[in-house]
Amino acid sequence: MPLTKEEKICPICGGPNNCQHGEASCWCQEVVIPKHIIEMVPEDKRGKVCICISCIEKYAKERGM
């Protein structure tokens with residue numbers, strides 16, 4: 001099942017998240033996202049919309065991870 005338009009947008013920055021979940025194997029299935037970054041996602045989108053790799057890297061660096 002193809003992703004919806006909303007599922008293709010990062011819930012933190014609003015940019016494309018480049019998720020291919022459901023269409024092929026995706027980078028999002030391999031990455032570990034720190035809890036503090038997941039908590040930045042609005043409740044209604046948690047576990048439903050992927051965070052982009054740019055936001056993951058940016059906010060992980062800010063915490064020294």
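Summary of values
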| item | result |
| --- | --- |
| Where N is the number of residues in the chain, Cα Rg divided by 2.2 N^0.38 Å | 1.06 |
| Distant-in-sequence amide H partners of ILE9 (H built 1.01 Å from N, under 5 Å) | ASN17 |
| Cα-based helix-to-principal-axis angle, 53-62 vs the chain, degrees rounded to 10 | 10 |
| Cross-link table LYS5/LYS61; LYS8/LYS45; LYS35/LYS61; LYS8/LYS58, entries beyond 21 Å C-alpha to C-alpha | LYS5/LYS61 |
| Sorted by Cβ neighbour density within 10 Å, fewest at the top, the residues CYS28, CYS50 | CYS28, CYS50 |
| Sequence ranges 34-45, 51-62, ranked by mean other-Cβ count within 10 angstrom, highest first | 51-62, 34-45 |
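Quick note: the coordinates plus some simple rules give every number you see, no bench work behind them. Not measured: the values here are computed from a predicted model. Ideal geometry is used to build each Cβ from the backbone, glycine not excepted, and the neighbour counts take in all protein chains shown.
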